[in-house]
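The values are calculated or read from the model by the stated rules, or taken from the named source; none is laboratory data. Since we're looking at a predicted model, the values are computed, not measured. Cβ: placed from backbone, ideal geometry, glycine included. Neighbour counts: every protein chain shown.
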Amino acid sequence: MDELQILKTSQEWYSEYEDIEIIDPLGWLMENLDFSFNEELISKEEFEKRLNNSIIFQFSDENTVLKKASKKYGTFKQLMTTQEELSELIRAISRYLAERDVDETEIIDEIADSVIMIEQVVYMFGLKDRVRERIKYKLKRVEKKIELEENDQIFNF
């Protein structure tokens, strides 16, 4: 006898996975993403299959390290370190713009250090959801600007 299969929307299944962020939902029907993610009822097995076909970011290991660093160094020290890492990234980008012959490994390392510290700040202040929403908003704004520019509706003087 078959077990009764539980069906939920992808959004409902997703809420059970606190340690992941879906970066690009390639496993879902892109033509109607809102419906396929928020309304279509699917099994947990189907959700995980779609998740495996998508680009995701796994938070669990990072959160453990972020929690340890926050506890060990404290908010003030971590904010100072964030400033330091961001200024090192600015210097690396400035060198690249000035010289064009800079090893890209330096920029990659400074980006990694900066992202780690930004994630640390987001974690310490509990801002993950709010920052995620602002990123979505700002990316939509950039997309709209690009569309307007492509349609020659913005004139740069």
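Applying the set (1) surrounded by 12 or more Cβ atoms within 10 Å (Cβ to Cβ); (2) modelled with pLDDT of 80 or more to Lys71 leaves exactly one unmet item: (1).
Residues checked against (1) in a helix (DSSP H, G or I); (2) of a type in the set (Val, Ile, Thr); (3) closer than 20 Å to Glu119 by Cβ:
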| position | (1), (2), (3) |
| --- | --- |
| Trp28 | no, no, no |
| Ser36 | yes, no, no |
| Ala69 | yes, no, yes |
| Thr75 | yes, yes, yes |
| Gln83 | yes, no, yes |
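The single condition among (1) at pLDDT below 90; (2) touching a Phe, Trp or Tyr at 6+ places or on another chain (Cβ under 9 Å) that Val122 does not satisfy is (2).
One line per residue, one yes/no per condition, for (1) touching a helix residue (DSSP H, G or I) at 6+ places or on another chain (Cβ under 7 Å); (2) outside any helix (DSSP H, G or I):
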site: Val102; (1), (2): yes, yes
site: Asp109; (1), (2): no, no
site: Ser114; (1), (2): yes, no
site: Val131; (1), (2): yes, no
site: Arg134; (1), (2): no, no
site: Arg141; (1), (2): no, no
site: Leu148; (1), (2): no, no
